[in-house]
Each structure stands twice: as C-alpha cells, then as structure tokens.
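This report concerns only the one structure given below.
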C-alpha cells in the first residue's frame with residue numbers, strides 16, 4: 001500500500017517535472033527558430049497591452065535547454081506540433097555543431113508487443129526523417145525501437161500511456 | 001511396459017544459480033465447465049523407505065482440475081484408500097458422487113520408480129485401465145503428468161497435454177532499478193522452471209521449433225534487436241539475423257525448415273522467411289504499412305500476419321506460392337498477433353472490443369468471432385498442441401501474469417507469478 005502510494009507520488013512528480021520542462025522549453029523554442037529578434041519586442045508589447053500574458057514568459061531561462069523526448073498519439077507515428085517546433089531547433093543546433101544521435105522509439109503497453117515494436121520504429125523514423133529534411137546528415141542518426149519494453153512510467157492508466165508513447169533523443 | 005523418457009534434458013545454459021525458487025507460478029482456477037466430471041484420486045501407496053519428494057496423486061488431481069473438465073474429490077472425504085489389486089467397494093465412491101476413481105502405487109525400481117495405476121468407472125463398476133509405468137529418480141512429475149495424460153485421454157477422447165512444456169519471458173526489476181529479462185522453460189503447470197537465458201536487455205517473442213528441441217527468440221543484447229535460436233538440450237545458441245532496424249517475431253514453419261520473421265532492413269517492416277539450410281532470406285510482403293507477427297498456416301503453404309495497411313491493425317493471409325494477400329478480419333478496429341488452432345479451424349488473436357484488449361477466436365469457415373477472456377490488456381495467445389486450452393499474458397494487480405482459457409471459453413485459470421512480470425507464453429508441441 002505504502003509502496004503503491006509512493007510510486008503514484010513519484011510518477012506524479014515525474015509528470016509535473018515533464019510538464020514543467022515542456023512549458024519552459026516551448027517558451028524559448030516558439031520564437032527562437034522563426035524570428036529571434038521579436039522576443040524582447042513581444043515582451044514589451046504584452047506589457048503595454050495590459051499584462052494579459054502570464055508573468056513567467058517575461059523571464060526566459062538563461063540556458064535554453066531543448067526537449068529531447070517527443071510524444072505521439074495512440075497508434076500514430078505522426079509528429080505533433082510541439083515535437084516539430086523542438087526538432088526544428090534541434091536541427092539548427094545539429095547543423096551548427098554536428099554530432100551523432102540515437103533515436104529510441106517507444107510505445108505504450110496497449111496492443112501486441114511486436115506490433116508496438118514496429119510502431120516504435122515508425123516513431124523513431126518520423127523524427128529522423130524530419131531532422132534530415134531540415135538538413136541534418138542522415139548518416140549521423142541511428143534509430144532503434146524498444147516497443148513497449150522500456151516504459152518511462154509503469155502503470156495502466158492514460159497519463160502513463162501518454163508518457164510512454166515517445167521518441168527519446170540521445 | 002511404458003518407460004518415460006526424458007526426451008529433452010534442458011542443459012544448464014547459465015549455471016546452477018539458474019534454478020529458481022520452486023513453483024514460481026501458482027495455479028488459481030477461476031471457472032470450471034458447467035458440470036465437471038467428478039474423479040476421486042486416492043493417495044498413491046509408496047513401497048520404499050522415507051517419503052517421496054513429490055506426491056503423484058496431488059499432481060494428477062491438480063492437472064485434471066486445471067483442465068477445468070474435472071473436479072477432484074477431497075481426500076479427507078474418502079472412506080478408504082484402496083491400492084491397485086485391492087477390491088473396490090463402489091458404494092464408498094458412489095456416496096461421494098465420484099464418477100471415476102484412480103488408485104496407484106509407487107515402488108523403487110532400477111534406481112528410479114515404477115508406478116502402477118488403475119482407473120475405475122464407479123457407476124459402471126468396471127476397471128478401465130491398469131498400467132505400470134517406469135521413470136528415473138528425477139521423474140516423479142513426468143510420471144504424474146503421464147498418468148494425467150492417460151486418464152484424460154481415456155475419459156475425454158482428447159490427447160492430454162499435461163506432459164508438455166512452456167517457455168515464457170519474465171522481467172524482474174533489480175535493486176538497481178534496472179530490469180533483468182529471463183527466458184524461462186517450465187512444465188505446462190508452471191513447475192520445474194529454469195532459466196534458459198538471462199539478459200539485462202529485453203528478450204521477446206519465443207517460438208518453439210516443431211520438434212520441440214529448439215527455441216527462436218528476439219534479444220536486444222547487442223544493443224539492438226536480433227533473432228537467435230537456441231538448442232534446449234545443450235543451451236547452444238546461434239544468432240540468425242543482424243540487420244539494421246527490426247529483427248522480430250520469429251515463427252518456425254511446420255516442417256521446421258524455415259523461420260518467418262519481420263525485418264525492416266529495406267526501410268519498412270516486412271515479412272521474410274529464412275531457409276535454415278540455404279541461409280537465404282525471401283521477402284514475402286511488399287507494402288508501405290506495418291506488416292508483422294507472421295505465423296504459418298497448418299499446411300505451411302501460407303502465412304498469416306498483422307498489417308495496418310487498411311489504416312488499423314487487422315489480420316491478413318498471404319499464399320506463399322502466388323503472393324496473393326487476403327484480409328481475414330473485419331470485426332473490430334484492432335486484431336493482431338494471429339495464431340492458428342491445431343485443427344486449422346480457428347484463428348486465435350488479440351482483439352480490441354470497446355477499447356479493451358481480449359483474446360478471441362475467429363472461425364475460418366464462418367468468420368464468427370468469439371471473445372474468450374474478460375481480463376484486460378490480454379496478449380500473446382499460444383494454443384496447447386491438443387487445442388483444448390490456450391495460454392496468454394494479462395495484467396492482474398498491477399503485475400504481468402500468465403493465464404489460460406479453454407477454446408470454448410468455459411474454463412479459466414490464472415498462473416500468477418510470485419516474483420517478476422511473466423509474459424509471452426509459448427506452449428510447446430507434443431514432446432512424446
């Protein structure tokens with residue numbers, strides 16, 4: 001009982017950490033690839049308009065860290081808009097400073113194991129193809145699928161499944 | 001005189017530490033058939049010194065109950081414990097509503113044991129069987145399963161599968177937080193399990209060779225998926241594939257000459273066959289969708305597989321001679337990992353119904369689907385060689401366990417794992 005509660009608490013903390021990570025990075029990424037100069041202008045403009053936007057947007061973290069985990073919908077290998085934004089930023093950095101990458105595709109526990117193995121590969125390939133389209137060298141990217149064998153969160157509920165349908169960039 | 005041979009003595013692939021704690025899987029019977037046959041299994045006699053390490057009558061009674069078709073009369077209710085050649089007072093058994101009576105006797109014989117057993121029809125007041133059977137000193141369980149097979153076949157007309165084996169995957173989290181993956185070989189009742197492969201990386205998709213002497217499986221030990229085959233007697237292993245991408249879902253052909261598998265070496269998950277003598281790979285499917293989880297039809301002329309070429313995972317069949325592909329499943333939006341029942345009449349698969357994953361059968365002739373399970377997240381069905389039951393993996397109290405259900409859904413049994421997560425059971429062919 002205690003262990004179960006602890007586990008739930010820990011996974012909750014994980015969820016919160018991931019969510020916090022997401023929102024922090026999105027703030028930086030969203031403007032960065034498109035029009036970097038507008039960042040300060042935008043901040044000022046919102047202030048003028050009467051402070052509609054949450055305060056934290058005015059303080060971008062000093063060292064912008066990019067998301068390295070990209071999530072997918074159930075039984076899908078299509079990149080979501082957040083993943084595209086993060087990967088566009090990754091591609092810029094990888095072109096400036098080339099390095100070798102490993103993309104690990106995963107699936108949630110629902111459905112059959114070998115089908116999920118194929119689904120994990122599809123997801124890793126979707127990330128790879130997007131990076132290559134942005135000009136990253138294909139030869140620097142290795143993809144592997146672990147299917148449902150390495151869940152990020154152990155549990156049979158929607159929020160666990162959401163976090164397990166992913167590609168991790170390493 | 002029947003002598004039990006150890007057709008297969010599984011070599012120690014690792015070391016003596018590969019013996020696990022005894023009886024890791026325990027049996028819980030959920031559902032019997034509506035009117036199970038009542039059988040009294042009297043305590044077997046023992047004509048040697050000390051006590052026997054295993055109780056044959058207990059194992060036989062458990063085997064028969066696990067089939068769901070029999071209920072064993074409690075030994076505490078019995079009025080007498082007759083032995084072979086004793087006079088049977090049928091009224092003693094009629095009052096217990098026992099339809100059949102099994103008695104037996106064990107004696108030391110040539111460094112092992114000789115078991116004599118007799119089966120009686122209580123209502124007809126008639127002896128149906130009287131047999132001796134011999135086995136080695138480590139073979140008490142084999143002797144018990146042999147007796148269960150003989151009784152089961154005599155009373156049901158169906159060949160018993162109690163002497164068969166299972167191979168399954170167990171994942172157990174270590175103190176370090178990392179998982180250890182084990183490939184486990186055990187009796188069909190989960191007893192006498194031993195580790196035949198252990199790895200820090202995932203092990204998946206075990207598949208028996210049709211002669212029961214080898215197993216093919218997927219291992220990630222080389223940091224990516226590769227297909228291996230392993231001889232059970234010696235533990236000798238051979239890596240069969242090392243392609244970029246998927247190397248998965250091995251399935252032995254009925255003649256043992258080929259292994260079907262999924263490879264994505266040409267950019268996309270496709271079904272291939274590997275000829276084990278020529279070492280040639282033949283590509284079977286060509287489609288941009290996911291094609292995976294191949295399994296052979298009973299005649300070896302076709303392969304059934306999962307594909308999402310229609311948008312959702314469904315089951316298809318390809319005829320090897322012509323390459324013609326035909327869709328087999330239409331009911332439900334998720335049908336996957338097909339197997340064919342031993343009589344070739346049913347497809348067995350994972351079927352999603354109202355968002356829940358169950359095991360279902362589909363009759364080839366009529367296309368009728370029957371959902372067999374009520375549990376959740378059910379997967380990896382594997383049918384016993386006599387076609388009476390299938391074993392599958394499910395989750396129970398947050399743990400991966402194995403469970404079994406009869407193909408008519410009347411009998412349900414759980415085999416919970418005490419330690420790790422048990423998954424991907426593969427039921428052996430007949431071994432004797």
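The values are calculated or read from the model by the stated rules, or taken from the named source; none is laboratory data. Remember, it's a predicted structure, so these values are computed and weren't measured experimentally. Glycine gets a Cβ as well: all are built from the backbone with ideal geometry, and neighbour counts include every protein chain shown.
Output the residue which, of all residues in the stretch B:287-331 that are without any contact (Cβ under 8 Å) to a residue 12 or more places away in the chain and more than 14 Å from chain A (Cβ to nearest Cβ), is nearest to the chain's Cα centre (by Cα). Per the criteria, the residue is B:326.
Somewhere in the stretch B:28-36, is a residue over 26 Å from residue B:409 (Cβ atoms) and out of contact with any helix residue (DSSP H, G or I) (no Cβ under 6 Å at 6 or more places or on another chain)?
no
Sort out for me the strands (runs of 3 or more DSSP E) sitting completely within the stretch A:60-153 that have 1 or more residues that are in contact (Cβ under 8 Å) with a residue 40 or more places away in the chain and facing another protein chain (nearest Cβ under 10 Å). So the answer is A:101-106, A:141-147.
For residue B:48, the requirement of being surrounded by fewer than 12 Cβ atoms within 10 Å (Cβ to Cβ) and at positive phi is not met.
Identify all residues within the stretch B:385-405 that are closer than 28 Å to residue B:254 by Cα and in a loop (DSSP other than H, G, I, E, B); write none if there are none. If the condition is that a residue be closer than 28 Å to residue B:254 by Cα and in a loop (DSSP other than H, G, I, E, B), then B:385, B:386, B:387, B:388 are the ones that fit.
Being in contact (Cβ under 8 Å) with a residue 24 or more places away in the chain, buried (at least 17 other Cβ atoms within 10 Å of the Cβ) and touching a helix residue (DSSP H, G or I) at 6+ places or on another chain (Cβ under 8 Å) is true of residue B:140. Looking only at residues of the stretch B:353-395 that are within 14 Å of another protein chain (Cβ to nearest Cβ) and surrounded by fewer than 17 Cβ atoms within 10 Å (Cβ to Cβ), we find that the one that is nearest to residue B:417 (Cα to Cα) is B:376. Taken over the stretch B:406-432, the criterion of being outside any loop (DSSP other than H, G, I, E, B), at pLDDT 95 or above and farther than 18 Å from residue B:202 by Cα is satisfied by B:427 alone.
I'd like to verify a number: residues in the stretch B:189-215 that are within 13 Å of another protein chain (Cβ to nearest Cβ) and in a strand (DSSP E or B), how many?
Going residue by residue through the stretch B:189-215, those that are within 13 Å of another protein chain (Cβ to nearest Cβ) are B:199-207.
Filter once more, keeping what is in a strand (DSSP E or B): B:199, B:203-207.
Within the stretch B:189-215, residues that are within 13 Å of another protein chain (Cβ to nearest Cβ) and in a strand (DSSP E or B) number 6.
What number of residues within the stretch A:92-127 are under 14 Å from the mean Cα position of the chain (by Cα) and more than 30 Å from residue B:398 (Cα to Cα)? Total meeting the criteria: 2.
Whether any residue in the stretch B:210-217 is under 27 Å from residue B:302 (Cβ atoms) and in contact with a helix residue (DSSP H, G or I) (Cβ under 7 Å, 6 or more places away or on another chain) is what I want to check. Looking for residues that are under 27 Å from residue B:302 (Cβ atoms) and in contact with a helix residue (DSSP H, G or I) (Cβ under 7 Å, 6 or more places away or on another chain), one finds none in the stretch B:210-217, hence no. When residue A:157 is tested against the conditions (1) over 14 Å from the mean Cα position of the chain (by Cα); (2) farther than 21 Å from residue B:378 by Cβ; (3) free of Cβ contacts under 8 Å to residues at least 12 places away in the same chain, the lone failure is (2).
Looking at B:98, B:76, B:80, can you tell me which residue is under 12 Å from residue B:40 (Cα atoms) and outside any loop (DSSP other than H, G, I, E, B)?
Numbers: B:98 fails: outside any loop (DSSP other than H, G, I, E, B); B:80 fails: outside any loop (DSSP other than H, G, I, E, B).
Residue meeting the stated conditions: B:76.
Scanning the stretch B:222-249 for residues that are within 12 Å of chain A (Cβ to nearest Cβ) and more than 21 Å from residue B:291 (Cβ to Cβ) turns up B:222, B:223.
For the stretch B:76-99, the criterion of being within 30 Å of residue B:383 (Cα to Cα) and either surrounded by 15 or more Cβ atoms within 10 Å (Cβ to Cβ) or modelled with pLDDT under 95 (or both) is met by at least one residue. The number of residues in the stretch B:59-75 that are surrounded by 11 or more Cβ atoms within 10 Å (Cβ to Cβ) and free of Cβ contacts under 8 Å to residues at least 24 places away in the same chain comes to 1. Set side by side, the residues B:400, B:355, B:344 differ, and just one is over 22 Å from residue B:33 (Cα atoms), modelled with pLDDT under 95 and within 17 Å of the chain's Cα centre (by Cα), which is B:400.
Of all residues in the stretch B:119-169, those satisfying the criterion of being in contact with a strand residue (DSSP E or B) (Cβ under 9 Å, 6 or more places away or on another chain), assigned to a helix (DSSP H, G or I) and more than 26 Å from residue B:92 (Cβ to Cβ) are B:140, B:141, B:142, B:143, B:145, B:146.
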